[in-house]
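Comments concern the structure below.
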């Protein structure tokens, strides 16, 4: 039984290693540096939304769009800068959730000399109100 508890604790520690935590004050600005011009967030209720930076001003540039319904989230004021930084202005309870970028969220797989593989989960940032 003790071996199972130790193994469970180790798995938990490893799985939490790729999950960063960030707290933002209500009404404050959230800023996450990134390398891509696209961000995906999964809100606390399970809704997944995507935001993309655009070089030219287009109708849905720098707006979160629901991945299922394709509806624009008009409530969240956000932008993705040219360098991939996500900025959410006036952060609210409705903005709480997990934020990631497509490439950053992919696991990093290493092939070992003995033929085995090892992997580290991609980075996800969980953002909540202070």
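The values are calculated or read from the model by the stated rules, or taken from the named source; none is laboratory data. Just so you know, these numbers come straight off a predicted model, no measurement behind them. Don't worry about glycine lacking a Cβ; one is built from the backbone with ideal geometry, like all the others, and counts go over all protein chains shown.
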Residue pairs within 6 Å by beta carbon, gap of at least six or interchain, first lying in region 106-130 and on the phi > 0 side of the Ramachandran plot and at pLDDT 90 or above, second outside any loop (DSSP other than H, G, I, E, B) and loosely packed, with under 14 Cβ neighbours inside 10 Å, listed first then second, are none
In this structure, is residue 102 under 21 Å from residue 18 (Cα atoms), touching a residue at least 24 places away in the same chain (Cβ under 8 Å) and touching a strand residue (DSSP E or B) at 6+ places or on another chain (Cβ under 7 Å)?
yes
Inspect all residues belonging to region 87-102 and state whether any of them is modelled with pLDDT of 95 or more and in contact with a helix residue (DSSP H, G or I) (Cβ under 7 Å, 6 or more places away or on another chain).
yes
What about residue 43, is it within 12 Å of the chain's Cα centre (by Cα), at pLDDT below 95 and either more than 21 Å from residue 20 (Cβ to Cβ) or surrounded by 14 or more Cβ atoms within 10 Å (Cβ to Cβ) (or both)?
no
Failed condition for residue 61, given (1) in a loop (DSSP other than H, G, I, E, B); (2) touching a strand residue (DSSP E or B) at 6+ places or on another chain (Cβ under 9 Å); (3) closer than 22 Å to residue 19 by Cβ; (4) modelled with pLDDT under 95, with all others met?
(3)
Which of the residues belonging to region 67-86 are in contact (Cβ under 8 Å) with a residue 12 or more places away in the chain and either in contact with a helix residue (DSSP H, G or I) (Cβ under 8 Å, 6 or more places away or on another chain) or surrounded by fewer than 10 Cβ atoms within 10 Å (Cβ to Cβ) (or both)?
68, 75, 76, 82
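Matching residues to (1) over 11 Å from the mean Cα position of the chain (by Cα); (2) free of Cβ contacts under 8 Å to residues at least 40 places away in the same chain; (3) exposed (fewer than 13 other Cβ atoms within 10 Å of the Cβ):
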{"residue": "21", "(1), (2), (3)": "no, no, yes"}
{"residue": "27", "(1), (2), (3)": "yes, no, yes"}
{"residue": "31", "(1), (2), (3)": "yes, no, no"}
{"residue": "37", "(1), (2), (3)": "yes, no, no"}
{"residue": "52", "(1), (2), (3)": "yes, yes, no"}
{"residue": "59", "(1), (2), (3)": "yes, yes, yes"}
{"residue": "62", "(1), (2), (3)": "yes, yes, no"}
{"residue": "65", "(1), (2), (3)": "yes, yes, no"}
I'd like to know if region 25-48 contains one or more residues that are on the phi > 0 side of the Ramachandran plot and touching a strand residue (DSSP E or B) at 6+ places or on another chain (Cβ under 6 Å).
no
